[in-house]
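Worksheet: the structure to be examined is printed underneath.
The values are calculated or read from the model by the stated rules, or taken from the named source; none is laboratory data. All of these numbers come straight from a predicted model, not from anything done at the bench. Positions of Cβ are backbone-derived with ideal geometry, glycine not excepted, and every protein chain shown enters the neighbour counts. For accessibility, only protein heavy atoms count, side chains too; no ligands or nucleic acids. Shrake-Rupley method; radii C 1.70, N 1.55, O 1.52, S 1.80 Å.
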Amino acid sequence: MPHHKINDPDFLKDPTAILAHMRAEGALVRIKLPIIGLCWSTTTDAAARDILKDDAHFARNPANAGGRDIGRYYWFLPRFMRSLTRNILGFDGAEHKRIRTAVDQSFSRASIKALRPDITRIADHYLDQLDTNKLVDITEDYARLLPLEVICVLLGIKPDLRTTLARAISPISKPTGVLTLQTALPGLYKTQKLLRVEITHIRDTPRDGLLSTLIHDPTCDLTDDEILSLAFILFIAGHETTLHLISGAVFAISEGAPFNEPTSLAIEEFMRFFSPVLMTKPLLVRETRDRFGQTLKQGDKVIAQLIAANHDPVRFENATDLQTDRRPNAHIGFGFGPHVCLGMHLARVETQIALEHLFQRFPNLERCPKDASPLYSQRVGFRGIKHLKVKLRP
């Protein structure tokens, strides 16, 4: 059976033709991904939603689909990594709900609204650091730094540790396969070690932030390993989505995409169009069954391809066009169902503030070279511009 590759440069640059070809084959097709290997992928909005809400037939933990528990499933990883694999992304049912409930309030609309002054201060701080006399890489010098700093504030990481953590995490965003994953291991080790030390300090001395809340709330039953894996996931997933969303939006605006009031509409469209998170974590078939014209065997991996859903012409009129005033815009760029992105409200606010403040200062920002196509990273599961060089013109 033929299979598709959704991390190829041509697909990342313009997925239109390949997505159309995939849809013509059916709602579920075979694809091949680095590290993950062969799996099934949805090609439509309806199929993605159907699978993501169906916890009865699809599992996150291999133990619930005829395999080993998730902690043993990744036996080949270094010992320090194994506790990190047991995290909210790999849990099902009550286990997932228990951890999610512990942090839901911290990511509510009201809590994120209260963070706006901090996010604004951070955006202005990094804009102040940009050298207007040189070419600036928006991806590395602004879009990456802002969400990392915000996660530190939200967690309550002490200021003198934030730069060290940001440097340790940076290589984690770059692996594109099994071999390049090795280059990220030192950063992974250092990150989890630094976070463990912070958790120990906070247990002794409470402070503001989510980590302290989880550690000292008598109603919270999370272990230190669970708190560590949650903080780790928030750092990785919490900054990468926003990083790529901001970079994609800056590219589009520099190409002439309107960015006017209300800017929140534009941000939803940037999320739909670019779909910086290409797909969900693989779901596992609990029991062999037929679905969407295919026979899915127990243990088969199935991903919901979010970019395919967000470019589905059945769901969206002129789906291949970027329309920053699109309304309604029922995309699933942040996922769908019980595992919908915990930090979606945070990502929206960060992106809105980051873009508004950038273009208030530099309304005539110019991409350099002007006519160059963006170069996308081939990191598994993400669609993100590697570097975006600009001239900062007031």
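Remarks
- Taking GluC sites (Glu not before Pro) across region 250-289, the ones in a DSSP loop with at most 14 further Cβ atoms lying within 10 angstrom of their Cβ are E255, E287.
- Evaluated over region 125-268, the count of Lys pairs having alpha-carbon atoms less than 22 Å apart is 4 (only pairs 8 or more residues apart or interchain).
- Accessible area per residue, Å², the chain with all protein chains present, probe 1.4 Å: 44
- Geometric descriptor of the chain, per residue, is 138 Å³ (volume of the convex hull of the Cα atoms).
- Spatially, region 263-300 and region 356-371 are offset by 33 Å when compared through their Cα centroids.
- Nearby aspartates and glutamates by direct alpha-carbon distance to K297 (threshold 14 angstrom, same-chain neighbours under 8 apart not counted): E287
- Projected onto its three principal axes, the C-alpha set of region 4-87 covers 42, 31, 17 Å, listed from the longest axis down.
- Heavy-atom SASA rank of D312, D141, D208 (probe 1.4 Å, accessible area, largest first): D208, D141, D312
- In terms of overall dimensions, the C-alpha atoms belonging to region 10-149 reach 56, 42, 35 Å along their principal axes, ordered largest to smallest.
- Cβ charges +1 (Lys, Arg) and -1 (Asp, Glu), total dipole of the chain, debye: 860
- Projected over all directions and averaged, the alpha-carbon convex hull of region 111-250 occupies 9.8 nm².
- Every Cα-Cα pair in region 268-356 was counted, and those over 21 Å apart are 42% of them.
- Region 1-64 and region 115-155 have Cα centres lying 34 Å from one another.
- Helical contribution to [θ] at 222 nm, DSSP H n ≥ 4, -39,500 (n - 2.57), averaged over the chain, rounded to 500: -14000 deg cm²/dmol
- Computed over the alpha-carbon pairs of region 310-388, the distance histogram in 5 Å steps reads 3, 10, 12, 18, 26, 20, 8, 2, 0 percent, short to long.
- D10 versus T120: modelled label distance in nm, points set 7 Å from Cα along the beta carbon direction: 4.8
- Annotation for R79 and A94: the two label points, set 7 Å from Cα along the Cα-Cβ direction, are 3.3 nm apart.
- Computed E for H57/N133 - FRET, C-beta separation, R0 35 angstrom, nearest 0.05: 0.05
- For K32, the lysines whose Cα comes closer than 16 Å to its Cα, not counting residues fewer than 8 places off in the same chain, are K5, K281, K301.
- Near D300, the amide H atoms lying under 5 Å from its own belong to V285; only residues 5 or more places off or on other chains count, and H is placed 1.01 Å from N.
- Segment S264-Q298, extension gain: residue separation times 0.36 nm, minus the distance between their alpha carbons: 8.1 nm
- Accessible carbon and sulfur surface of the chain relative to its total accessible area, %, 1.4 Å: 52
- Of the residues T241, G293, N364, the one whose Cα sits farthest toward the positive end of the charge dipole of the chain, with +1 on the Cβ of Lys and Arg and -1 on the Cβ of Asp and Glu, is G293.
- Each peptide among 86-96, 351-361, 365-375 gets the average number of other Cβ atoms lying within 10 Å of its residues, and from highest to lowest they stand as 351-361, 86-96, 365-375.
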